Each structure stands twice: as structure tokens, then as C-alpha cells.
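Encoded as C-alpha cells, the structure appears first; notes follow it.
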């Protein structure tokens with residue numbers, strides 16, 4: 001468990017490197033990112049401990065990502081919540097002679113206060129901008 005802001009920043013930097021492997025990374029890590037604000041008192045509340053445990057669990061059990069096959073079509077799933085945007089790029093590939101749909105990557109970010117309205121549209125536009133090189 002991180003004991004100070006520097007350790008929290010270090011943890012978030014490490015976890016951020018693997019954010020494409022973690023579904024809903026921004027939503028999971030949001031309480032820990034709030035601890036990095038100068039005005040925030042370092043107090044490990046239930047929500048922050050749960051965020052730490054969820055992030056640790058996600059890092060140790062991240063799903064197996066498929067390598068993209070640019071000859072096959074991709075599927076883009078997007079979603080928004082009250083505090084973040086998320087998207088998953090999937091593809092159906094043949095594995096052991098069976099069609100299997102699996103993730104290629106995950107992307108997520110928290111929303112800005114000015115973006116709070118029309119979030120579903122914002123999420124789709126943002127995801128298309130980030131992953132446009134996979135899509136036709």
C-alpha cells in the first residue's frame with residue numbers, strides 16, 4: 001500500500017504504462033489520481049483502498065491481448081460513465097480452428113468538466129480518433 005504521494009505517483013506511472021491492457025483504467029485509478037492533487041490530504045479512505053486493490057488485481061490478471069490482423073475487420077466498443085470514457089478494440093480471429101473474439105487494446109480517460117454533456121458522442125469521437133488506423 002503506498003504510504004505517501006510520491007509512492008502513489010510512482011504506482012500510477014507504472015500502472016499507466018500498462019493502461020492499454022486494463023479495461024476501464026481511468027475509472028479504476030481515478031481515486032488514486034485525486035490523491036496526487038496538492039490540496040488533497042493523504043488519507044486512505046475505503047474508496048481509495050478499493051481503487052488500489054482493483055488496480056493491483058487488474059495488473060496481475062490483465063486479459064490476453066490479440067495481435068491485430070489487418071486483413072480482418074475490427075470491432076470498436078465504447079462506453080462513457082459519469083467520470084470517464086472507455087473503448088475496447090476487438091477482433092474475431094481463428095484460434096485452434098475456432099473463431100474467437102478478443103481484445104486488441106483498451107483505452108480510457110477521465111472526462112473534463114466541460115465535456116460532461118453528450119458523453120456517448122464524445123466517447124465515440126474520441127475512440128475513433130485514437131484508433132482510426134485500425135478502422136476503415
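Here, each number is a calculation from the coordinates, and none is a lab measurement. Just so it is clear, the model here is predicted, and its values are computed rather than measured. Every residue, glycine among them, receives a Cβ derived from its backbone with ideal geometry; neighbour counts consider all protein chains shown.
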Principal-axis tilt of helix 119-131 within the chain, Cα atoms, nearest 10 degrees | 70 degrees
Fluctuation leader among 108, 27, 81 - the chain, Gaussian network, Cα springs under 10 angstrom | 81
Label-reachable residues, the range 102-119, where backbone N falls under 20 Å from a point 7 Å from residue 69's Cα toward its Cβ = 102-106
Run the numbers on the range 46-130 and let me know its relative contact order in percent, using alpha-carbon pairs under 8 Å that are six or more apart.
-> 26 percent
Using the beta-carbon distance between residue 36 and residue 114 and R0 = 30 Å, what value does 1/(1 + (r/R0)^6) give for FRET efficiency, to the nearest 0.05?
-> 0.90
Pick from 72, 50, 19: which is most flexible by mean-square fluctuation in a GNM of the chain where alpha carbon atoms under 10 Å apart are linked?
-> 72
Computed over the chain, the distribution of all Cα-Cα distances in 5 Å bins, rounded to whole %, is 2, 10, 18, 18, 17, 15, 10, 6, 3, 1, 0, 0
Can you put 77, 133 in order of Cβ neighbours within 10 angstrom, beginning with the fewest?
-> 133, 77
How high is the FRET efficiency from residue 14 to residue 136, r the C-beta distance, R0 35 Å, rounded to 0.05?
-> 0.50
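Got a sec? How would 83, 37 order by Cβ neighbour count within 10 Å, fewest to most? Provide the component values of the computation, followed by the final result.
Values: 83 12, 37 9.
Fewest-to-most Cβ neighbours within 10 Å comes out as 37, 83.
When a footprinting reagent is the concern and you count Cβ atoms within 10 Å, what order do 107, 94 take, fewest first? Kindly include the intermediate steps, with their values, before the conclusion.
Values: 107 19, 94 10.
Fewest-to-most ranking of 107, 94: 94, 107.
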Could you work out Rg/(2.2 N^0.38 Å) for the range 5-60, with Rg from alpha carbons only?
-> 1.04
